[in-house]
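Scroll down for the structure; my scribbles are underneath it.
The values are calculated or read from the model by the stated rules, or taken from the named source; none is laboratory data. Quantities reported herein were computed from a predicted structural model and do not represent experimental measurements. Here the Cβ is made from the backbone with ideal geometry for all residues, glycine too, and neighbour counts use every protein chain on show. For the accessible areas, the whole protein counts, side chains as well, though only heavy atoms, and no ligand, DNA or RNA atoms are used. Shrake-Rupley method; radii C 1.70, N 1.55, O 1.52, S 1.80 Å.
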Amino acid sequence: LSRPDEGKSDSGMEGLCDSTTTKVCMDWAGSSSKPACLGKRAREGRGENPLGRSLVGSAFGRGAPAPEPGAPLFDGERIAGRLTSCVDSVTEGRAIGLAWSYAEAGAFSTAFEARLSSGARVRGAVVPTPFYDPKGVRLRA
């Protein structure tokens, strides 16, 4: 399957060639104030164009099976994104992953359902990343 509006495969790995630090929520990784910033013109050219998609953290209910990478994410009947990765996290006690979330009228879904390979759906939500220990407490312990 493919998404005709993007002309890319439905593998869940789409967007690798056109991802920006903004799309993957990593604006901190580049500084447009540096004169030698390679992405400076692209960032400035982006202007006020709304994002069509963004890489977001996703989490599923405790005990729910982990959907496979590439699984479509639904907001009602609308495909709201694609799961790029997902694993059962022992630390979190639930399945977590990353997903491309597609904007609808400039807004991204905060809750969704992922389709499992069996055809059943499992509820999930957009969550902040990192998934655990955002302040680094465990790292410094």
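The table below gives the values:
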| item | result |
| --- | --- |
| Distance in nm between pseudo-label sites at Glu104 and Val87 (7 Å out along the Cβ direction from Cα) | 3.1 nm |
| Theoretical gain in end-to-end length, Ser117 to Glu77 [0.36 nm per residue, Cα-Cα removed] | 12.7 nm |
| Charge-dipole axis of the stretch 67-141 as Lys and Arg at +1 and Asp and Glu at -1 on Cβ define it, positive-most pick from Ala80, Leu116, Tyr132 | Tyr132 |
| Cα pair distances exceeding 22 angstrom across the stretch 54-141, given as percent | 24 percent |
| Order of exposure, largest accessible area first, which applies to Glu68, Glu92 with probe 1.4 Å | Glu68, Glu92 |
